[in-house]
Structures are given as structure tokens and as C-alpha cells.
1. What is the number of the single condition among (1) open to solvent by 30 Å² or more (accessible area, probe 1.4 Å); (2) closer than 15 Å to residue 341 by Cα; (3) in contact with a Gly (Cβ under 8 Å, 6 or more places away or on another chain) that residue 203 does not meet?
2. Answer yes if at least one residue in the range 152-164 is outside any helix (DSSP H, G or I), of a type in the set (D, E, K, R) and modelled with pLDDT of 95 or more, and no otherwise.
3. Output the residues belonging to the range 142-151 that are in a loop (DSSP other than H, G, I, E, B) and of a type in the set (Val, Ile, Thr).
4. Within the range 174-188, take every residue that is open to solvent by 10 Å² or more (accessible area, probe 1.4 Å) and in a loop (DSSP other than H, G, I, E, B) and give me the one that is farthest from residue 386 (Cα to Cα).
5. For the range 107-139, what are the residues that are over 19 Å from residue 405 (Cα atoms) and open to solvent by 40 Å² or more (accessible area, probe 1.4 Å)?
6. For the range 140-170, enumerate the residues that are open to solvent by 40 Å² or more (accessible area, probe 1.4 Å) and of a type in the set (Ser, Thr, Tyr).
7. All but one of (1) open to solvent by 40 Å² or more (accessible area, probe 1.4 Å); (2) touching a residue at least 24 places away in the same chain (Cβ under 8 Å) hold for residue 87; which doesn't?
8. Of the residues that make up the range 386-393, is at least one assigned to a helix (DSSP H, G or I) and either out of contact with any Pro (no Cβ under 7 Å at 6 or more places or on another chain) or crowded, with 21+ Cβ neighbours inside 10 Å (or both)?
Amino acid sequence: MTTMRKNKRLDIAVIGGGAAGVFGAVACAESAEVPVTIRLFEAGGACLRKARIAGGGRCNLTHHCQSVNDFCQNYPRGARELLGPMRAFGPAETVTWFETRGVPLKTERDGRVFPASDTAAEIVNCLLAEADKAGVRIDTAVEVTELRPSPDGGFDVRTGTARAWRFDKVLLALGGGAPKAYALVRRLDHTVTLPAPALFGLKTEDGAFHHLAGLAVPDCDLSLPDLKVSSRGPMLFTQWGITGPAALKLSSLAAKTLQARGYKTPLRINYCPALKSTEVDQFLQRTSQTKGAGKVRNSPLFNLPSRLWKGLAARAGIHPDLPWSRLSGGQRQALVAVLTACPSSIQGKAPSREEMVTAGGVTLSEVNFKTMESKIHPGLHIAGELLDIDGLTGGFNLQAAWTTGYLAGVAMGLAPFHLKE
């Protein structure tokens, strides 16, 4: 049980200087019912590392969405648990929070929300300024090596410098994927599911797409038939395979099963996702009649880039000089097949290790999602990517950090009813 000294001051530790940790620290300081002293420990040299590079350095901090239910469908893991928290502090509250603190935001056509300045530094500077204003003490390059409940209440914290502290409450917001972070929570008797990278580009077979590197496809459907998973959206060819929203979403939806398979599984690409295969066939038949002597390979259709169209026609066995008027039924069907279910296979993750999100983490049933408090250790709160929550690309992961960090921070600042003078 948390105890309180005579001066009614709560000593609070925040372990982890990412989005959830910094936001939680500020929320605690601003909403606390009693005086609080907050100390934030960040093992790296600076806080908010991922926020600095999110959205290509522009910081895609959330996503516009009218319905909380719809918003939460963008979390392959954690959708149900986040419904209540998002209603308490969701994307609308996030936008208001930053704009009332002097950061103008803009919503792009695809729903992603960015600072109007298109620079992540504005978000980072705002958060750090608010933390400083609230009196949050930030210690960078300080790693917490031990965290354990104290027999007489509160928590004992020890860092790599061998220094020890006693805190009344603790927020764990260490991010995901780090073995040391998971070891810390396992020692507190929490269950951690196997971490798996998410939101990464896909390496494809035998260099089939290498000659297409740099080409973008505005709309396609990617599917993993053996895993019964698919995603639709824009795609970008790279020298090692594919990336872009459709590929990143696919990697997130199948993060754990892809890891279990060693990132090897068949892939199918539908370049005409808005049409049935019969409709594609009918369109090709009409084109054969209207284009006549025009060469098939030189007549890209379905808004596909010319280089991609020529590559697909070649895979369908279409001779470079074949005119539309001589396209046989068998050749047409072969072209329909590569347009609607082009076969390939995934052979690994992108070699650039561009993933920024981890699937896996603390088992969600062990956390109270009204307060983000551990059900095992009262006074211990867990937020951000350390939880087994991850979202699709588009601002959803940062929103989960703001939401869980905020709820944890507010809850930590509440004075327990049993505290005495």
C-alpha cells in the first residue's frame, strides 16, 4: 500500500522517456490532487527518440476519426482494451492538448494529423517545455537496473550508478522490444508475451521487383494466403521488396505469425482491388477491340506505372510486339491472373530494420485499463509500448502512448483515501 509522509507529498518515478513516459509525467504533475515530486529516468541520451523521427520526421501524432470504435479497429492487439481509455482521452483530446499549448496542427487527406510546421521538433519541444514547467526532473543516460516493491509500501529503485531511491508510485513506460525492459517487468511477476517486430517492409523472392525500385502503386491488395491475412492501400517497390502503407499494415496484422514462420510465406498482389477478376477480364476484352494494332506492353491500364505494366505483361508471357488485336483468350487470362493475384513470396524483413513498433509485451489482463495500474502491484502503472498493444501506421501508436500515459499520470496523482496527515 502506498504510504504518505506528513507533508502529504507523493514521490513518483517515471521509468522511460518516450511519448508515454513524458506525457504521463506531465499529466500527473498538472492534475495531481496533492503535491508531487516527479523524477523521470531515461537510459538514452535524450527523451522522445521515436517521436523525433515519427512520420518521416514530421511526427504523425494521431489520426482523425469520428468514431472511437472505428479508431480502435486500427490496433491488431489491444483494440478491445483501448475502447474505454480512448473515450476518456482519445484523438480529439490529444489535438486539443497540443493546440491549447501553442502547437497548431493539421489533418491531411488520409486522416493523419501532423504539426502545421511539419516538424517533429515542435511536438518534442512542447512536451519537454511542459515537463519543465510542471517541475518534472528528467535524468537522461540513467538506466534503472532494479525495481521492486518495498515491504513498507512504495517502491525501491536502483540505477546503474548503484544509487537507490524510494518512490510512492512508479510509471513503467520503457517502450517495446528491449530485453532489459521485459526482464524488469518479469521480475515483478508480470507475464510478457513474446515480442515481435511490426510495421516493417517486406523482403520478397529472388529480386523479382528490383527493377521496379522507386515505383509507387496508389492502390493494391496484399495477401498472405497461408495466414489468411490481407491489407489494402498504397505500396512502394524497393530494391529489396515492398513497403508503403499496405505492406506495413500487412506486417503488423501478421507480426507474430510471420515471426513464427521465420518471415517466409507466399504472397499475392492484386493490382486491381476495386474490380472482380471477371470485370478485369471484360475490360481487357474491350481494350483488345478498341486498341487494335497497339502493342499490349506499351498500353498500361488500371492507372499502373508503365514499368510495372510491362513487367506484369512479361510475367504473363506477352511478347513485346504483340498487338491487342492478337491477344488470345489464354494470354488474356494469364494477364488477368498477374493483375489480380500476382504470385510472389516473402523471404524476410526489410534489411534496413525500419520497424518502429513491437508487437508483444505485458499481458493486458494484468492491467486495469481505467488507471493503467498493475493488478499485481498497486501503485505500479504501465503505459505505452511496454504493453501488448500495437497499432497500424498512421498515428495510432503515438495515440496509444498519449492515451495510456495520460490515464496513468492522472491516476498516480490521485491521493489514496487511506493516506493520513
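1. Result: residue 203 passes all but (2).
2. Checked against the condition, which is being outside any helix (DSSP H, G or I), of a type in the set (D, E, K, R) and modelled with pLDDT of 95 or more, the range 152-164 yields at least one hit.
3. Result: 142, single match.
4. Only one residue tops the list, namely 187.
5. The answer is 107, 108, 109, 110, 112, 116, 117, 118, 119, 121, 122.
6. If the condition is that a residue be open to solvent by 40 Å² or more (accessible area, probe 1.4 Å) and of a type in the set (Ser, Thr, Tyr), then 140, 145, 161 are the ones that fit.
7. The one condition residue 87 does not meet is (2).
8. Looking through the range 386-393, at least one residue is assigned to a helix (DSSP H, G or I) and either out of contact with any Pro (no Cβ under 7 Å at 6 or more places or on another chain) or crowded, with 21+ Cβ neighbours inside 10 Å (or both).
The values are calculated or read from the model by the stated rules, or taken from the named source; none is laboratory data. As the structure is a prediction and not an experimental result, all values here were calculated from the model. Glycine also receives a Cβ, built like all others from the backbone with ideal geometry; neighbour counts cover every protein chain displayed. Calculation scope for accessible area: heavy atoms of the full protein, side chains included, ligands and nucleic acids excluded. Shrake-Rupley method; radii C 1.70, N 1.55, O 1.52, S 1.80 Å.
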